[in-house]
Each structure stands twice: as structure tokens, then as C-alpha cells.
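The values are calculated or read from the model by the stated rules, or taken from the named source; none is laboratory data. Note that the structure is a prediction, hence the values are computed from the model and not measured. Please note: Cβ atoms are built from the backbone with ideal geometry, for glycine as well, and neighbour counts cover all protein chains shown. Accessible surface is based on the protein model in full, side chains and every heavy atom, while ligands, DNA and RNA are left aside. Shrake-Rupley method; radii C 1.70, N 1.55, O 1.52, S 1.80 Å.
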Amino acid sequence: MLMYCAMAAVVVLAALIVFLIGYVLYAAVQECRPDRVPALLYHQLISKEQVDRGEIVNHERVYVAYDVSFAEQMEYLHRQGYSTITLDDFLGVRNGRRLPEKPIMLTFDDGFMSNYRYAFPILKRYGMKATIFVTPDPSSDNFKKYAHTDAPLTPEQIKEMSDYGISIQSHGMTHRYLTDLSSDVIRWELAESKRVLEKMTDKPVRHLAVPSGAYNRLVRRMAKECGYDAVFCMLKGTNNAASDRYALRRLVVARDFTLQEFRKMLQPATATRLRLMSFVQNVLLGVLGPGGLDQLRDRVYRSPFASLLLSTKAR
């Protein structure tokens, strides 16, 4: 009996090793495709000068970026000949639309006023397209959490950016963990945010970025039923013509990225590693749930190992 158990354990271990090797090869192949399109993810932007003067205290390491770093990164993309596209442009490839050389998507989650204050002028300077996934409820807990450093966009700011050409899309109505909600409440979150944003902008809202990566089959089904054409979840890496449009990937730009780290993040080798990291992250999401995963992330990025982890992500 003991021998059979040992043999079964060996078979399981061998199968796991084969699966992992296969997944690594698959990830590398996907990131080396000639039609790969990176989608960068930003959240808040903060003034580096005010932080250095001690006027702003923000311990967030990942979901915030310095204003000067963002300006430097956009100047780099412009200088290197990248062409910013929207999700509509990307999805149009399936209908025969051709993308420009070196396409890239710029996205922002939540809908913080700093997007208007710091990012919008830079985007206008270089004539860049971008998408802001907005949580329309200004009283949501996510906005309260960062009220000491930022505020939600106003309807007037949203309309101004939309009129300019910035794509305004949904990030849920209240930024709650969708996987913790019933199907009826999920439907309300997705449908109501869509309705409110369409009323603000007088434009259709067709795309969704799932708050906190709280994504599962039910959320996917509700997104389809509510009329969304594409969904960003928590997966890392780049997208291509064969990507699942209801499980699209992004590359998160962290606060302390140097320009060299930013440049390396766009390369296939780094994106492959990020794909593998997001596989582990999804496993943890299934075990801990979105709330538990957020707590673990906060503890890790405030630990002595945070700098090592962040720099490793972009090498």
C-alpha cells in the first residue's frame, strides 16, 4: 500500500512538473508573438515634489506613480515611436482593422482626480489616447481610503476628458469585491456604473476593469449579460489577437520604477515573468479571496523585502 502511495505521489509530482514547464513555454511563446500589445495600468498619480517636502505621506508602493515619473515614461514612449490605442482599436483587429506600429494601451483604474491634474496635460501634450476605468460613486470605500492624498474625479472633469477623446469606461459602481456579491448585486454594479457613465459622457460604455481583480466565471457571465465587450481582470502580461477579450492582461506601473525598469517591463522576457507571477497570484486569490489577497499584498509591500520584489518585477 505504501509503495502504491509513493508511486502515485511521484506521478502527481511529475505531472505537476510537466504542467509547469508547459505553462512556462506557453507564456514565453505568447510574449514573443509579433502582434503583442502591452496595456499599462496606473491608478493614482502624486506629486514627487510634495512627497519630498513632506506635504504628502503615501506609503502605497504599487498602485500609485509619481507625476514626474509618468511624464518621463510618456516622453519615452513618444520618443521610441509607440502609438497609443484604445480597447476599441485593439478589438477591431478581429474585424480586420490594422493597428499602428508599436501599439500600446494606457489605462487608469478608479477615477482619481490626479488623473485629470497630472496625467491629462501630459496626454494632451503628446496627443496620446488613454482609457480611465471609473468608479462613479464618490462615496465608495476605495475613495475614502485615499482621501488624504486624492479625490474622485468630478462629473465635469470626466466629461471634459471624454470630449477630448479619453475613453471613459467602467470600474464597477462602488468598487466592491464582485466575487463576494450575489448575481443580482453584481448585475446592478455593472449595469448601474455603465448607465451613470454613459449619462455623464453621452458615449457608450463597453469595457470593464474588475475592481481589485475580484473575477470569476459569474463575474464574466454578468459582464457579458450587461453588454460589455471586453474585461480587464488581474492577469499580468500583454495581449494579442488570440487573447480572451473577457480576461485581458495588463502591466502594472509601480511607484518607484526607474525609466530603465519601465523600459524592461515592456520587453517579452519581463512580461513572461509577470505572466508566471500572475498565475501564482490567481492561485492565492482562489485560496485567500480578494480581501485576503489585498491584505497579503499590503503586508508584503510594506515589509523589508518590498524593494527587492519591486525591482525584480521589472528586471
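Tabulated values for the structure
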quantity	calculated
When residues of region 189-234 are limited to those that are over 13 Å from the mean Cα position of the chain (by Cα), small (Gly, Ala, Ser) and open to solvent by 10 Å² or more (accessible area, probe 1.4 Å), the one nearest to TYR246 (Cα to Cα)	GLY227
Residue in region 75-98 that is touching a Leu at 6+ places or on another chain (Cβ under 9 Å), open to solvent by 20 Å² or more (accessible area, probe 1.4 Å) and on the phi > 0 side of the Ramachandran plot present	no
Test set (1) out of contact with any Gly (no Cβ under 6 Å at 6 or more places or on another chain); (2) among the basic types (Lys, Arg); (3) more than 22 Å from ASP256 (Cβ to Cβ) - ARG53 fails condition number	(3)
Pair list, Cβ under 8 Å, 6 or more apart: region 147-174 residue closer than 13 Å to THR131 by Cβ and in contact (Cβ under 8 Å) with a residue 24 or more places away in the chain, other residue acidic (Asp, Glu) and assigned to a helix (DSSP H, G or I)	SER167/ASP88
Wholly enclosed helices (runs of 4 or more DSSP H) of region 42-118 bearing at least 2 residues in contact (Cβ under 8 Å) with a residue 12 or more places away in the chain and within 19 Å of HIS207 (Cα to Cα)	87-91
Matching option when the condition is modelled with pLDDT of 80 or more and assigned to a helix (DSSP H, G or I), among ALA254, ALA241, ALA271	ALA271
Any chance VAL219 is part of a helix (DSSP H, G or I) and within 21 Å of VAL280 (Cα to Cα)	yes
From ASP163, ASP137, ASP150, residue being open to solvent by 30 Å² or more (accessible area, probe 1.4 Å), in a loop (DSSP other than H, G, I, E, B) and over 30 Å from GLN267 (Cβ atoms)	ASP137
Residue count for region 5-28, restricted to those that are open to solvent by 90 Å² or more (accessible area, probe 1.4 Å) and at pLDDT 80 or above	1
